[in-house]
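Pasting a structure here, questions to come.
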Amino acid sequence: MGNRYTFIMASFLVISSMLSAQDKNKDVFIEGLMEQMTLEEKIGQVSLFTTDWESTGPTIRDTYKKDIASGQCGALFNAHTVPFTRELQKIAVEETRLKIPLLFGYDVIHGYRTIFPIPLAESCSWDLDLIEETARIAAKEASSAGLHWTFAPMVDISRDPRWGRVMEGAGEDTWLGSRIAEARVKGFQGPDRIGQTDAVVSCLKHFVGYGASTAGRDYHYTEISALTMHELYLPPFKAGLDAGALTVMTAFNDINGMPATAHKPLLNDLLKQTWGFKGFVVTDYTSINELVEHGIAADERDAARMSLNAGVDMDMQGGLFQAHLANLIESKENTLDQLDDAVKRILSIKYDLGLFEDPYKFSDQTRYDSIILHTAHRKVAREMAQKSFVLLKNEHQLLPLSKENDQVILLGPLLDTQVDLMGAWSAAGEGEDCISIQKGIDDYLGGNKSLKVKKIGAFDNSMLSEDQINQALELASDTDIVILTMGENRDMSGEAASRANPVIPPSQTQLLSALKSKDKKVVVLLMNGRPLIMTEVDSLADAIIEMWWPGVEAGPAIAEVLYGDVNPSGKLTMTFPRSVGQIPIYYNERNTGRPHIPGIKWNTQFIDESNDPLYPFGYGLSYTSFDYDNLNVSCNPCLLEEPITVSVNLSNTGLYKGREVVQLYIRDKHGKTTRPAKELRGFETVELNPDETVMVKFELNKSDFLHLDMELREVFQAGDFEIMVGGHSQDVLSVNIVIEN
Ligand code: NOJ
């Protein structure tokens, strides 16, 4: 007993004397600490467990307090709030031999308590500064509640709206997804903010190719060619790492026969060796254990061996590093060096966070009380919601409505919901923080026109009874305009929420159809987490605003848009299909040898559906109209020694002030590998008054014209290129140029 006490004190003194030195040297500190660590203590650092507070996966762990006390757990997730994180941290720093503080992680995906629009919605704002700002606010709130680490951003590219997790991403485009990955990482943690109490470590996930799940079915197999992997799925991770992301989470999927969590060529060879990633790799929830079900590991012990060997540093909730690493290292199936490397990576981040100096520095009740759900945060949430709304249709300029002249009635299943407005992954968000559509509009109208409302319509496949329809029609009988909420409730998109048939629930479309049969003008407010198949709704509705799941300020945000105080400007970052059979559908298709020519049989087309989407990538209307003119490229032929300048004149030809997202696409007409017929390479956002014209300029550099050859080398191939600029991917002006070597 005496010996043990002396040893603990000695360790403590070693650590504190190192810490008190002015020039704290991280390497020396970590080496010193590691010299004192037993094998079991090291294994503790690579083990992450959930608490029983809430569950974000199929298992929970109710022994976590014991695990902490015995030094068998170095990090926790699903533990937050100041009292709880303090309570758990106290166990780690008071009851364990080496007093190594815990790292607290959580899925802070689109806000901690102030819930912002879902990430897919935010991407439709094309406002990188504002995206960075919402991530920063999320970090501020989360860190005050004791959190150090967010499992975000999700940077998975996906072209499949059946996959429920598209709501967490930035849409279908790799270039835009990369810019958004950078913005989110910067917002959460960087560039140099780790160690400050208002920043959290970010985690790029899910490495890699998870968005390619076959048929959009979650956790399903993915078949990804090397070219597609490097061209489509990897770049947002690289961009996020270059922006400073310190952790990466492995994906659940099997990639071409090797699950991501055991994928040595991708984890160790590419991420750690080639890209030089110095942070740590955490698995997804029990994804080491799942290697057995995948049929790649003989048993759980083998699964632990494979994943450490592949480059995994931390086991999320699987308990398999804890159960097997000691034995695997003793038997030399894994090496101590592998474990040491993982432990160093984790301790290094704890060190950077400043946890060895003050393990409680993030759990700060005073700071929490003063910032959580702050008015300034809500203001940003409202602005972001409004910028992410996409006006899909506005027949005869029905919108904006007039506060004075238009009598409206509000119908639909989502009109008074609060909790659904947050969407999936709502962290510490509370339904009661959210302002419903009904309340938002009612408050906006000042209560002097009592808005007639009726909750009707359902989320299942049922049809409405004749009685329900008649009631709705009766209620709308003396009103011309109906605002109809439609879409998904929040459980219908997200993890484990794939839909084989991502349509608007039939009862809702039936209600719309009944209203149209009585010649009502219908404004559809759509709330959902993914592109929906809604061809019938598009043909029936007079106006449609895609609101996604807009977060806490949904009601006021939409009221101000409906009545024209704010002009919508969002543009889609995922293509909306016309039918399921078109999926996967995306704008940057390769041309094929038989491109589509209408009316000709022998080319790429469906015989029962158009090739065209319902709404293309980049699409979104405004209350005003914009005209593009005079597209000009600074050279032809061009050399890439200097940037190429592209300019276009943009005029506001309508009646309202408006913001336009001007998009630039290129086409490389001849490459070492076939090139997409269009690739986004830039965008500018411009705000114009009616009758105003500006020249919008872009600069293109050599890197914009590179592509991968069959050996995955970045190459430039001189020749013909097309430069396109416009308001969406299917509405562009175009100029052909030659670029010489
Ligand atoms: C599983 C999800 O795939 C992942 O994104 C999330 O971070 C973890 N669960 C933890 O909740």
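Sorted from largest down, what three extents in whole angstroms do the Cα atoms of the range 559-641 have along their principal axes?
On the principal axes, the range 559-641 reaches 50, 45, 23 Å in Cα extent.
Spin-label point model (7 Å from Cα, Cβ direction): what's the N501 to H596 distance in nm?
For the pair N501/H596, the computed spacing is 2.4 nm.
For an R0 of 60 angstrom, estimate the FRET efficiency from the Cβ-Cβ distance between K455 and E641 and round to the nearest 0.05. All intermediate terms of the calculation are to be shown ahead of the outcome.
On the way: r = 64 Å, r/R0 = 1.06.
My answer for the efficiency is 0.40.
Moving to a separate point now. Rounded, prolate or oblate: pick one for the range 380-582, where a ≥ b ≥ c are the square roots of the eigenvalues of its C-alpha gyration tensor, a/c under 1.5 means rounded, and failing that, prolate if a/b is larger than b/c, else oblate.
Details: a/c = 1.36, a/b = 1.08, b/c = 1.26.
Rounded is the answer for the range 380-582, as its axis ratio a/c remains below 1.5.
So, one more: Just the number, please: Stokes-Einstein D of the chain in µm²/s, Kirkwood Rh from C-alpha pairs, 4 °C, 1.567 mPa s. Could you put the intermediate results ahead of the total?
Working: Rh = 27.2 Å.
Rounded, D is 48 µm²/s.
Calculate the FRET efficiency for L227 and S331 from the Cβ-Cβ distance with a Förster distance of 25 Å, rounded to the nearest 0.05.
On the way: r = 40 Å, r/R0 = 1.59.
My answer for the efficiency is 0.05.
Further question: Distance in nm between label sites at N649 and A298, each 7 Å beyond Cα in the beta-carbon direction?
Simple spin-label model gives 7.5 nm for this pair.
Give the accessible surface of the range 443-528 per residue, rounded to a whole number of Å², with probe radius 1.4 Å and ligands, DNA and RNA excluded.
Values: 3830 Å² over 86 residues.
The answer is 45 Å² per residue.
Go ahead and estimate [θ] at 222 nm for the chain from helices alone: -39,500 (n - 2.57) per DSSP H run with n ≥ 4, summed, over the residue count, rounded to 500. Intermediate values should be presented prior to the final figure.
Working: 20 runs with 214 residues, N = 741.
Roughly -8500 deg cm²/dmol at 222 nm, from the helical runs in the chain.
If you count the DSSP beta bridges with both ends in the chain, what percent of them are antiparallel, to the nearest 5? Provide the component values of the computation, followed by the final result.
Values: 50 of 93 bridges.
Restricted to the chain, the bridges split so that about 55 percent are antiparallel.
If you don't mind, another one. Amide H of E692 versus every other amide H placed in the peptide plane: which residues, excluding those fewer than 5 positions away on the same chain, fall under 5 Å?
N652
Determine the shape class of the range 601-741: with a ≥ b ≥ c the square roots of the Cα gyration tensor eigenvalues, call it rounded for a/c under 1.5, and otherwise prolate if a/b is greater than b/c, oblate otherwise.
Numbers: a/c = 2.48, a/b = 1.27, b/c = 1.95.
It comes out oblate by the Cα gyration axes.
Tabulate in residue order the Karplus-calculated ³J(HN,Hα) for the range 95-110, using 6.51 cos²θ - 1.76 cosθ + 1.60 with θ = phi - 60°, rounded to whole Hz; enter x for Gly and Pro.
Once θ is set to phi - 60°, the couplings for the range 95-110 become 9, 9, 4, 9, 6, 6, x, 7, 10, 9, x, 6, 7, 9, 8, 9 Hz.
Which of the lysines could a cross-linker bridge to K332, judged by Cα under 28 Å and excluding same-chain residues fewer than eight apart?
K42, K264, K272, K278, K344
Same structure again: For labels at S610 and L706 in the simple 7 Å Cα→Cβ model, what's the distance in nm?
In this crude spin-label approximation the distance works out to 3.8 nm.
Given a 1.4 Å probe, how much area per residue of the range 612-662 is accessible, in Å²? Show your work: numbers first, answer last.
Details: 2110 Å² over 51 residues.
I get 41 Å² per residue for the range 612-662.
Place +1 on the Cβ of every Lys and Arg and -1 on the Cβ of every Asp and Glu in the chain, take the dipole about the Cα centre, and give the residue among A310, P598, Q386 whose Cα lies farthest towards its positive end.
Working it through, the farthest residue towards the positive pole turns out to be A310.
Compute the helix-to-body angle for 336-353: its Cα long axis versus the longest principal axis of the chain, expressed 0 to 90° and rounded to tens.
60
Follow-up. Report in % the part of the accessible area of the range 380-582 that belongs to carbon and sulfur, leaving out ligands and nucleic acids; probe 1.4 Å. Walk me through the numbers before you get to the answer.
On the way: 2870 of 6880 Å².
C and S atoms contribute 42 percent here.
Quantify, in whole percent, the carbon and sulfur part of the accessible surface of the range 6-368 (1.4 Å probe; protein heavy atoms only).
Details: 5810 of 11510 Å².
That share works out to 50 percent.
Using the scaling law 2.2 N^0.38 Å as the reference, what is the normalised Cα Rg of the range 6-368? It would help to have the intermediate numbers written out before the result.
Values: Rg = 19.3 Å, N = 363, 2.2 N^0.38 = 20.7 Å.
The value comes to 0.94.
Per residue, how much accessible area does the range 6-368 have with a 1.4 Å probe, in Å²?
On the way: 11510 Å² over 363 residues.
Per-residue value: 32 Å².
Among 146-158, 498-510, what's the highest-first ranking by average C-beta atoms within 10 angstrom per residue? Kindly include the intermediate steps, with their values, before the conclusion.
Working: 146-158: 27.6, 498-510: 19.0.
Ranking the peptides 146-158, 498-510 by packing returns 146-158, 498-510.
While we're looking at this one, here's another question. Find which of L511, L33, A138 sits farthest along the positive direction of the dipole of the chain, computed with +1 on the beta-carbon of Lys and Arg, -1 on that of Asp and Glu, about the Cα centre.
Working it through, the farthest residue towards the positive pole turns out to be L33.
Using the alpha-carbon atoms, what tilt in degrees (0 to 90, nearest 10) does helix 375-388 show relative to the longest principal axis of the chain?
Between helix and principal axis, roughly 50 degrees.
Now for a separate question. State to the nearest 20 debye the size of the charge dipole of the chain about its Cα centre, where the only charges are +1 on K and R beta carbons and -1 on D and E beta carbons. Numbers along the way, then the final one.
Details: 69 positive and 104 negative charges, 102 e Å.
Magnitude of the dipole: close to 480 debye.
The values are calculated or read from the model by the stated rules, or taken from the named source; none is laboratory data. Nothing here was measured: the structure is a model prediction, and the numbers come from that model. When we count neighbours, we look across all protein chains shown, and the Cβ atoms used for this are built from the backbone with ideal geometry, even at glycine. Please note that ligands, DNA and RNA were not included when accessible areas were found on the heavy atoms of the full protein model with its side chains. Shrake-Rupley method; radii C 1.70, N 1.55, O 1.52, S 1.80 Å.
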